[in-house]
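The structure under discussion appears below in the form of structure tokens.
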Amino acid sequence: MLPWEVLALVTFPLAGRVLASGGMTQLLASHVAIAALALIVAVELHVFTPVRMTDWFAVAFVIVTTLATAGLWAVVQWVSDVILGTQLIPNLRILMIHFTGATIAGFGAGILFTYYFRRTSTVHHRCCPGFDLRDQPVAPAYPSVKFRDRIGISKQREHQVVRILQLSLAGFFVIGLSQGDLSVIVNSSLAFFVTQLPAVLERDYHLSMDSGLVLWITAAVFVHAVGALGPYQTVWWWDNVAHALSASVVAAVGYTTVRAVSIYSSEVSIPPRLLAIFVLLFVVAAGVFWEVIEFLAGHLAILVGFDGVLIQYGVTDTVLDIVFDIIGGLIVATWGAAYLSVPIRDLTDWLDRQ
């Protein structure tokens, strides 16, 4: 059974959900209750299965699950509104208040639960005497598949294409300056900065970047920067493609990091199937967090009197962003084990050198 202190931690938000009279208090209590249920799942996985979590990973699991649940529930509500004619999401403001509440509750609960996970070893030996998680097998490494071999691009050609895209981003920046368009200026400059990261990681940290992966990252930010020039408003599918590409990059970063840490540290072990689920939750949580940033940035722009850098177009647009985030995450969860094996190996080697 679960340790008594876990049950006590879970009882408070659930009781708050029942006793809260409504409004923001009830909203926060609801999301903290979800975080509490995520805590139960994390404890069950850590104590009774081969899964191993450090305190920081358990906290990350709670935060990710809380935000991802809010995003997935929004998708379910939106589908109901579209198909059944319900009014579960009356407007964008209500949806964003729920996302913001989930973000606050997730991070707050994560910090609160940190105390418990610092005592997991004591709880583990009390719950499961004679059972040593260190005896569990570690998932094997996956064979390497070069992404560039699949798309048929050489390293030289990749450099040429990336340079063309970078020059285009610099051109977008100049266009933004000439037109006084803050959105184009910010998005093109940030995109250009992201395209420099693969070279920095390879030069300073010796993390090999397959040419196909570099092109993948560059294409994702390039599509977003182009969208800021107008296609986001004029081409109905542009935002969907941009979110799927960006989400796949975010999912790849999450997959690579967790897999490398799992190989490097004896204190963290995530089986492949659970890792795929975690990647999906991670990318949905990142999508929810991004929508909250867009929401807050829009309000900040109104307060200071500037044009919005990040724009939301309505409930359907926001929920479809989450849907295509899920699609991007599914792509990585399905094929990431093979195509990301080289970055995983290099990141693991880098951790060994620290």
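What the table shows:
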item	result
Unique match (being touching a strand residue (DSSP E or B) at 6+ places or on another chain (Cβ under 8 Å) and among the acidic types (D, E)) among E291, E267	E267
Qualifying residue in region 284-291 (condition: part of a helix (DSSP H, G or I), in contact with an Asp or Glu (Cβ under 7 Å, 6 or more places away or on another chain), under 29 Å from S183 (Cα atoms) and of a type outside the set (G, A, S))	yes
Residue match in region 271-280 (condition: among the β-branched types (V, I, T) and under 13 Å from the mean Cα position of the chain (by Cα))	yes
Which listed residue, of L281, L303, L347, L320, is within 13 Å of H243 (Cβ to Cβ), assigned to a helix (DSSP H, G or I) and either β-branched (V, I, T) or not assigned by TED's automatic domain parsing to the domain that holds T103 (or both)	L320
Wholly within region 182-270, helices (runs of 4 or more DSSP H) carrying at least 2 residues that are over 20 Å from the mean Cα position of the chain (by Cα), assigned by TED's automatic domain parsing to the domain that holds S168 and among the charged types (D, E, K, R)	182-205
Residues within region 24-73 that are under 22 Å from the mean Cα position of the chain (by Cα) and of a type in the set (D, E, K, R), tallied	2
Residue ID - farthest from F113 (Cα to Cα), chosen from residues in region 28-72 that are among the polar types (S, T, N, Q) and not in a helix (DSSP H, G or I)	T49
T218 being surrounded by 22 or more Cβ atoms within 10 Å (Cβ to Cβ) and not small (G, A, S)	yes
Single residue of L112, L72, L45, L39 found to be modelled with pLDDT of 90 or more and either out of contact with any Cys (no Cβ under 8 Å at 6 or more places or on another chain) or of a type outside the set (A, V, I, L, M, F, W, C) (or both)	L72
Filter pass, F222 being within 24 Å of I104 (Cα to Cα) and not polar (S, T, N, Q)	no
Among (1) touching a helix residue (DSSP H, G or I) at 6+ places or on another chain (Cβ under 7 Å); (2) in a helix (DSSP H, G or I); (3) of a type outside the set (K, R), the one test that Q87 misses	(2)
G130 vs. criteria modelled with pLDDT under 80 and surrounded by fewer than 17 Cβ atoms within 10 Å (Cβ to Cβ)	yes
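Results for (1) surrounded by fewer than 17 Cβ atoms within 10 Å (Cβ to Cβ); (2) farther than 22 Å from V51 by Cα, shown as yes or no for each residue.
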position: L296; (1), (2): yes, yes
position: A301; (1), (2): no, yes
position: V315; (1), (2): no, yes
position: D352; (1), (2): yes, no
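Condition check ((1) polar (S, T, N, Q); (2) closer than 24 Å to V319 by Cα) across all residues:
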site	(1), (2)
R157	no, no
V161	no, no
V174	no, no
Q179	yes, no
V194	no, no
I217	no, yes
A228	no, yes
W236	no, yes
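The values are calculated or read from the model by the stated rules, or taken from the named source; none is laboratory data. Every value quoted in this text rests on a predicted model; they were computed, and no experiment measured them. Every residue, glycine among them, receives a Cβ derived from its backbone with ideal geometry; neighbour counts consider all protein chains shown.
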